[in-house]
1. For region A:196-245 and region A:262-301, write down the distance between their C-alpha centroids in whole Å.
2. Where in chain B lies the longest segment free of chymotrypsin sites (Phe, Trp or Tyr not before Pro) that are both loop residues by DSSP (not H, G, I, E, B) and have at most 15 other Cβ atoms within 10 Å?
3. Along the charge dipole of the protein assembly as shown, which of A:Gly207, A:Ser402, B:Ala62 sits closest to the positive end, that is, farthest toward it, with unit charges on the beta carbon of Lys, Arg, Asp and Glu (+1, +1, -1, -1)?
4. Measuring from centroid to centroid over Cα atoms, what is the spacing of region A:465-504 and region A:327-394 in Å?
5. Count, for each residue of A:50-63, the Cβ atoms from other chains sitting within 10 Å of its Cβ, then give me the mean as a whole number.
6. Please give the FRET efficiency for A:Arg194 paired with A:Arg38, using the beta carbon to beta carbon distance and R0 = 45 Å, rounded to the nearest 0.05.
7. Once amide H atoms are placed 1.01 Å from N in the peptide plane, what residues at a sequence separation of 5 or more from A:Leu399, or on another chain, have their amide H within under 5 Å of its amide H?
8. Hey, what do the phi angles of region B:24-39 turn into as Karplus ³J(HN,Hα) couplings, whole Hz, using 6.51/-1.76/1.60 and θ = phi - 60°, x for Gly and Pro?
Amino acid sequence: MSSSDRDLAAVLARHRYDGTRLVQILRDVMDPTGYISRPTITQVAESLHLPRAHVEGVVGFYAFFSSEPRGRFRVLFSDNITDELAGSQELRQRMLDAFRVDPDEVSRDGLVSIGTTSCTGLCDQGPAMLVNGRAIARLTPARIGAISSLIRGGSPVSDWPANLFTIDSHVMRRDLLLSAPLRPGESLAAAVVRGRQATLAELRASGLRGRGGAGFATATKWEACAQAPGPERYVVCNADEGEPGTFKDRELLTHHAHEVIEGMTVAAFLVGAQRGFIYLRGEYPFLIAPLEAVLAERRALGLLGRAVAGCAELDFDVELHVGAGAYVCGEESALLESLEGKRGIPRNRPPYPVTHGYLGKPTVVNNVETLLAVAHLAKHGGAWFRAAGTPKSAGTKLLSVSGDVARPGIYEVPFGVSIRSVLQDAGAKEPQAVQVGGPSGVLLAAHEFERKLGFEDVPSAGAFMVFDQTRDILAVANNFARFFAHESCGFCTPCRVGTTLGRQLHGAHRARQGIPPRRQGPAARVAAPQEREPLRARHHRRQPRPRRAGEVPPEL
Amino acid sequence: MSDERKTFTLDGQDVEFTEGQTILQAALASGTYVPSLCYHPEFRPHGSCKVCTVKVNGRTTASCTTPATAGDTVELATDDLKDLRKNLVQFLFTEGNHFCPSCEQSGNCQLQAVGYELGVVSGHYNPLFPSRPVDASHPDVLLELNRCILCELCVRASALVDRKHVFSLSGRGITKHLVVNAESGRLADTNLSVEDKAMSVCPVGVILRKRRGFRVPIGERTFDTHTASEIALAGARGPTEDGAP
Ligand SMILES: Cc1cc2nc3c(=O)[nH]c(=O)nc-3n(C[C@H](O)[C@H](O)[C@H](O)COP(=O)(O)O)c2cc1C
Ligand code: SF4
Ligand code: SF4
Ligand code: FES
Ligand code: FES
């Protein structure tokens, strides 16, 4: 048995040879750059008694798994629009030039490959990148230089200076949920004392609606799950936070993890669940160890495990699952597919997850922020929460503010505030437009700044990206078109083909506009790749990379 | 309950249905054609091609996966929806490499037939010309991946009927593609056999028996003599080997 066979056996044993853990297993068997070889796919499939083609399909679905070898250092720049406006494309070009490679190409010595990935959730401290899966924020030319030297030196990323990897926390406004942290177990105790029905009544009275985007009433969802037949139930915390421009869940899981997991435990108490999952996006690997530590601490405190909080009927534990680069896995039914070890393709509904969720069992899926709110209102009661906000949008909302503002970061605001007041708080100078809710949301121009945040007017999962007067809004649209084409799961025709046609149209339009690059100052406008002089011409002649099966030529 | 008459309206006409039927199934049973590609009467509806899109109480949805519900108002043949379906078929032509005049499946192809039914005369959009190598490794079967519309019928048939899992999908978005169950990636190294159900479900010309391509001459094939709607309404789902519905 070779050492790699032994490693594989150890990984599989750690995951109990459980095929539902396929995404986790693949994360553990891939090399640091994400490469999973064809023989490894065969071995994994055989060991798990899964069809090989199924495992190959899963490897092919997630952006962080690669079925082709990469450079020993795999650099992925965050392709978020706010990073782009802060100069990420110039930084990437600088690095491509330094190593004399084209995007996504492996350098001849096999050292490095440089590409892009969708928003890494560090928009308040961009530009950002992932190197072999580890996040580095606040990129500058100097940092790029330092990183390039470290790569040339060849030492593993785990040996790089720790300060490169620090992630800052910018909470700029605190209200109901962020001002007074709860003690572990406090709200769970309150819920148990009050009882199931009375706590559900408080939840209903609170008017809480889901914070993940759709705004579904949390009490309604949980009652439906509680009433679904069968003994097994699941609670899932949706920490996929894939919408570009959103980073509030990152902050909550960094500094409020106890409260979020307490919210999950209250959910388990109310719906009668025994198992829970946190589905953490693969872009946040720096949260894995801290979250595992919080889970361990809660087990030690008797807040997870058997007879939680002294309540004999409450056996509940939580497992962490980590994604592998797929925006669509934030959609709850795709998330469940991924949790079951499959390609993250949304399911046809009905049936809905509350009756047929994880492994076909009743399941509630909720956003991180929703669960945090539950923990607080389980202690303080529904009326306390209802007092803030508007009639149809009770409570407060966490906004992730980024782009052209003096003070990017998290703002907890009561629902009903105007766009303008958020812009003022964040110090936006001459704002031209705001994208609320990420690329899936809406773009509001100056004449709409009196509109109000809330389900009645401008709903939002929390992204708030500001563009000042110097920005080219078509560059924003172009970035979003690229995002959707990259993240389409490819299940249905309109999205699979339409997003690519959209991206090509944008690319062609920009190429033909003939606007000279950097017309508006260094960071203002970045040339689309096809506008630049080809690298080949400048450095050395190189054959174009052969197209991979299924690959479509880039922009026209 | 069973003898209670349940109906929804389809473009203003009452359509009767039985509990458990989808809108598409109820419509076909009542004699109204709904264009479809990934739907196959023997398999659970998939809902991926979206060619069967209708509006239910004003909301756009795939009719093959939406359960028929009493009292619903369903729109099928409005100008908007006809345009949308035509666009989707054009998308599929644009996405693959379809050169019908030289295709063995021409005349037996559901994509082509639905295209005619919807008045598609060209791909309309700039073709994507993907690079999809042909797999001719198998002694009896040719895999012409240039024509795959990713309906997963072969995947479903091989998994659910043949219990072989010969086919699967990999990649995502526009790079999604069919793969076969072999480390070499070659069809010859799978256990596919010509008797498999997966051999007979492809709506286009991907999974082809070698040496049979032109046994039925062009002009006498299923969709040369019948329209897509006639075939769908006959309850059969061409192509059949002898060209009859
Ligand atoms: C494409 C897509 C991506 C989504 N991404 C997320 C996400 O990253 N986080 C999230 O909480 N909800 C996301 N959602 C919404 C979820 O499907 C689901 O509505 C939500 O997790 C429910 O939780 P809530 O009721 O607490 O909001 C997404 C939905 C779609 C359609
Ligand atoms: S598969 Fe159908 S649409 Fe495609 S080339 Fe062949 S006949 Fe034409
Ligand atoms: S090969 Fe045919 S049956 Fe299989 S997915 Fe492609 S088009 Fe559908
Ligand atoms: S995300 Fe699945 S097809 Fe659009
Ligand atoms: S036939 Fe309904 S989506 Fe394909």
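Quick note: the coordinates plus some simple rules give every number you see, no bench work behind them. Keep in mind that this is a model prediction, so the values were computed, not measured. Counting neighbours? That spans all protein chains shown, and the Cβs are built from the backbone with ideal geometry, glycine included.
1. Comparing the Cα centres of region A:196-245 and region A:262-301, I get a distance of 16 Å.
2. Numbers: sites that count: B:Phe99, B:Phe214.
Result, exposed sites excluded: B:100-213.
3. Selected residue: A:Ser402.
4. 26
5. Values: counts 1, 8, 8, 16, 8, 3, 10, 11, 2, 2, 9, 6, 1, 1.
The mean count of partner-chain Cβ atoms within 10 Å per residue comes to 6.
6. Values: r = 56 Å, r/R0 = 1.25.
Given R0 = 45 Å and the Cβ-Cβ separation, E is 0.20.
7. Here A:Tyr411, A:Glu412, A:Val413 satisfy the definition.
8. Taking θ as phi minus 60°, the curve returns 4, 5, 5, 5, 4, 4, 8, x, 9, 6, 10, x, 7, 10, 8, 7 Hz for region B:24-39.
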